[in-house]
Amino acid sequence: MGRGDPEDRRRDRKALVGLLICAGAIALVVSGTLVWAQSKIPDVRHTEPAFVGLENRPPRAPGPAGEAVNILLLGTDRRSDVPTTGDAAEAEAWVAGEQRSDTMMLVHVAADRRSVQVVSLPRDSWVPVPGHGRAKINAAYSLGGLPLAVETVETLTDVRVDHVAVVDWDGFRALTDLVGGVRVQVPETVTDSIRGITWTAGEHLLNGEQALAYVGQRYGLPGGDLDRVQRQQAVLRTLMQDSLHAEMRSDPDQVAHFVSAVLEHVAVDETWSLAGILGFSASLRNLRSADIRYLTVPVAGLGMVGDQSVVHLNRRLSEQLWTAIRDDVAGSWLDAHADLETGDRIR
């Protein structure tokens, strides 16, 4: 296909959206285009302060491993009639007690920028929430906003969070529609009894609204919240299945136009400027979709605490994973624990 082929452009857009959602990267541009791109792209929409008041945070790893970047990605379930994230936001993203983190992923970008591990933290994970005892991990955002969400993750993992990216339901729908939808494979027919949706076996091309329903289902799935997490990863994997084309990275006009549209729907923490995002993105120019791997934090099992259904984490394996991330050897650790990597078959 030629450079101007619509299908080529659609694949490029999908690759970039996937990287944005997975790794907090807004664009893939080479260093020579950074100044130009910055002049063409509107400034980023920032979240409420994410790191204010945090003390005794995990230190950065010594040596080269300290150049790795850890990004906390949150999808919120804020029920609002207007967007709450991105340039189009008309309401605050966080209001005390009004929402929880519907999706939580810790994205580890290796120091050499040649590999990424995306670790999903199930929303029902039963963990210590500083100042509130033990609770589901998604409650931290509701109780204390981004600072408490960051503190909870850092307390659990002893991994320093460098940046935060937040997208709400409206943003997720819009980003999915922006790339022309996502294709998913449903292996067996299942019914979401809450939404009244039956997903028939086979391939589906989902628009934004359908994709939101797909990644939100847990009733009717054998693994409940764990299967739901894998569906979220399946959508991200689909967005990244095409290679990250060098053509897109070398075309600053195409990049600037696309990034401008993406910034309408995503908010990032107060420490991440547009120049910082573009510089980080430029460092990812050699990354390929095959270098991005997905897993769920190791789980010991499902259970009940009072009337709450919860996910109990496997402490031994989880601590090994967090140590590997801190030491920037998560790729090698995952090679040795291949059974934990999310496979291609998703319920």
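In the set (1) part of a helix (DSSP H, G or I); (2) touching a helix residue (DSSP H, G or I) at 6+ places or on another chain (Cβ under 8 Å), the condition left unmet by LEU143 is number (2).
For the stretch 157-191, the tally of residues that are crowded, with 21+ Cβ neighbours inside 10 Å, modelled with pLDDT of 90 or more and either on the phi > 0 side of the Ramachandran plot or not in a strand (DSSP E or B) (or both) stands at 3. Taking the criterion of being modelled with pLDDT of 95 or more, among the aliphatic types (A, V, I, L, M) and within 23 Å of ARG60 (Cα to Cα), would at least one residue in the stretch 141-149 satisfy it? Yes, the stretch 141-149 contains at least one residue that is modelled with pLDDT of 95 or more, among the aliphatic types (A, V, I, L, M) and within 23 Å of ARG60 (Cα to Cα).
Among the residues of the stretch 70-95, those identified as touching a His at 6+ places or on another chain (Cβ under 9 Å) and either in a strand (DSSP E or B) or at pLDDT 60 or above (or both) are ASN70, ILE71, LEU72.
For the stretch 111-136, a residue qualifies if it is more than 14 Å from ASP227 (Cα to Cα), in a loop (DSSP other than H, G, I, E, B) and touching a helix residue (DSSP H, G or I) at 6+ places or on another chain (Cβ under 7 Å), and the qualifying residues are ALA111, ARG114, SER115, VAL129, PRO130, HIS132.
Residue count for the stretch 101-140, restricted to those that are charged (D, E, K, R) and modelled with pLDDT under 90: 1. The set of residues in the stretch 150-168 being under 13 Å from PRO49 (Cβ atoms) and touching a Ser or Thr at 6+ places or on another chain (Cβ under 6 Å) consists of VAL166 alone.
Across the stretch 274-294, the qualifying residues are those that are part of a helix (DSSP H, G or I) and closer than 26 Å to SER120 by Cβ, and the one among them that is farthest from the chain's Cα centre (by Cα) is GLY276.
When GLU98, GLU67 are screened for being acidic (Asp, Glu) and at pLDDT below 95, only GLU98 passes.
If you go through the stretch 267-286 and pick out every residue that is closer than 24 Å to ALA234 by Cα and either surrounded by fewer than 21 Cβ atoms within 10 Å (Cβ to Cβ) or touching a strand residue (DSSP E or B) at 6+ places or on another chain (Cβ under 6 Å) (or both), you end up with 4.
The values are calculated or read from the model by the stated rules, or taken from the named source; none is laboratory data. Just so it is clear, the model here is predicted, and its values are computed rather than measured. In this analysis, Cβ positions are derived from the backbone assuming ideal geometry, glycine residues included, and neighbour counts consider all displayed protein chains.
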